[in-house]
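Following: one structure in structure tokens, then a few remarks.
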Ligand code: PSU
Ligand code: MN
């Protein structure tokens, strides 16, 4: 018995050792409203195919861990109500109980690793929340980056987070945080929030090489590749800053805690920017999918196993 079920498309690609890019599903169920969420998920998969790799969207459906979803499964998930948000802590319980859940960055990394997929593209990872010194709210995504050997392409950590604290924790955990093609750490909707990234790389080839080097060194854990949102799509940080502050204050007023915090903030910022944050979010995910496919191709070529 294998613990995961690949879709026919993913099974073929894995068997032939073709480049595959993993995709998360929490961004679909908890990160964006219907129907833009489905449109985004379908377009992201298409962009990966156009760039020479196979997309593998990951989710738990009725207790089965799916690596790659069929068109129908994706459509159902995007419209489903009350889907669980699964991180490392909840995944096995959901599967044991026959439940349905969307995978966060952490849970998607676990599944990708199991399936032998080295690259995963998403929007933004979770991190250290503002006020974490009181709430202790630090995403399990950071721990997972320290444990699972998967390169995660994101537009940085979501700017709703405390970025300097997130960088500190990543450093403590030994996770390389790499800005792609610039010195500044990308800040999700904005290309920069004024923080320098610890590392920089300028090509997909270098990123793939560094991942294989980590493996050769016997280092567990992955790499965080922070890919800036394209200039044409960004919302500058000076515009986002007061909006993020307002949304964060509203989350506090409404007593948001735990898993509910991130989805609440994203929804509130969507309202406060009159939808502009969503347009930017979709653009940055597509941009990350493109880079993810390129890295997957390079990994394939460098590993010498590629067909
Ligand atoms: N990126 C997005 N939208 C999202 C998320 C990331 O553009 O909704 C999700 C990811 O699944 C990430 C999760 O792992 O938010 C982080 O949640 P938390 O802060 O509760 O760990
Ligand atoms: Mn949290």
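Restricting attention to segment 60-74 and to residues that are over 26 Å from residue 155 (Cβ atoms) and touching a helix residue (DSSP H, G or I) at 6+ places or on another chain (Cβ under 7 Å), the residue that is surrounded by the fewest Cβ atoms within 10 Å (Cβ to Cβ) turns out to be 63. Counting only residues that are surrounded by fewer than 22 Cβ atoms within 10 Å (Cβ to Cβ), within 16 Å of ligand 1 (Cβ to nearest atom) and either over 18 Å from the mean Cα position of the chain (by Cα) or part of a helix (DSSP H, G or I) (or both), segment 1-36 holds 2 of them. A Cβ distance below 7 Å, combined with a sequence gap of six or more or placement on separate chains, defines the contacts here; from segment 130-141, residues that are farther than 18 Å from residue 106 by Cα reach residues that are more than 11 Å from ligand 1 (Cβ to nearest atom) and in a loop (DSSP other than H, G, I, E, B) in the pairs 130/162; 132/162.
Listed by position, the strands (runs of 3 or more DSSP E) inside segment 65-149 whose residues that are away from ligand 2 (no atom under 16 Å from the Cβ) and either more than 22 Å from residue 7 (Cβ to Cβ) or touching a strand residue (DSSP E or B) at 6+ places or on another chain (Cβ under 8 Å) (or both) number at least 3 are 119-121.
Listed here are the residues, each with its yes/no results for (1) within 14 Å of residue 189 (Cα to Cα); (2) at pLDDT 95 or above; (3) touching a strand residue (DSSP E or B) at 6+ places or on another chain (Cβ under 9 Å); (4) not in a helix (DSSP H, G or I).
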| residue | (1), (2), (3), (4) |
| --- | --- |
| 229 | yes, yes, yes, yes |
| 247 | no, yes, no, no |
| 262 | no, no, yes, no |
| 271 | no, yes, no, no |
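Of all the residues in segment 48-58, those that are under 14 Å from residue 22 (Cβ atoms) and touching a helix residue (DSSP H, G or I) at 6+ places or on another chain (Cβ under 6 Å) number 6. Across segment 91-134, which residue is modelled with the highest pLDDT among those that are within 11 Å of ligand 1 (Cβ to nearest atom) and out of contact with any helix residue (DSSP H, G or I) (no Cβ under 7 Å at 6 or more places or on another chain)? Checked segment 91-134; the qualifying residue modelled with the highest pLDDT is 108. Here segment 203-216 is the region considered, the condition is being over 20 Å from the mean Cα position of the chain (by Cα) and without any contact (Cβ under 8 Å) to a residue 40 or more places away in the chain, and the residue that is surrounded by the most Cβ atoms within 10 Å (Cβ to Cβ) is 206.
Kindly indicate whether residue 140 is under 15 Å from the mean Cα position of the chain (by Cα), within 12 Å of ligand 1 (Cβ to nearest atom) and surrounded by fewer than 22 Cβ atoms within 10 Å (Cβ to Cβ). Yes: the conditions hold for residue 140. Scanning segment 235-266 for residues that are within 18 Å of the chain's Cα centre (by Cα) and either away from ligand 1 (no atom under 14 Å from the Cβ) or touching a residue at least 24 places away in the same chain (Cβ under 8 Å) (or both) turns up 259, 261, 262, 263, 265, 266.
In summary, residue 52 fulfils each of the numbered conditions (1) on the phi < 0 side of the Ramachandran plot; (2) more than 19 Å from the chain's Cα centre (by Cα) with the single exception of condition (1).
Based on this model, can you work out whether residue 156 counts as buried (at least 22 other Cβ atoms within 10 Å of the Cβ), modelled with pLDDT of 95 or more and closer than 20 Å to residue 142 by Cα?
Values: buried (at least 22 other Cβ atoms within 10 Å of the Cβ): yes; modelled with pLDDT of 95 or more: no; closer than 20 Å to residue 142 by Cα: yes.
For residue 156, the condition - buried (at least 22 other Cβ atoms within 10 Å of the Cβ), modelled with pLDDT of 95 or more and closer than 20 Å to residue 142 by Cα - is not met.
Exactly one residue out of 219, 302 is away from ligand 1 (no atom under 13 Å from the Cβ), more than 18 Å from the chain's Cα centre (by Cα), part of a loop (DSSP other than H, G, I, E, B) and over 21 Å from residue 33 (Cβ atoms), and it is 219.
The values are calculated or read from the model by the stated rules, or taken from the named source; none is laboratory data. Everything quoted here is computed from the prediction, not taken from an experiment. Neighbour counts run over all protein chains shown; Cβ positions are idealised from the backbone, glycine included.
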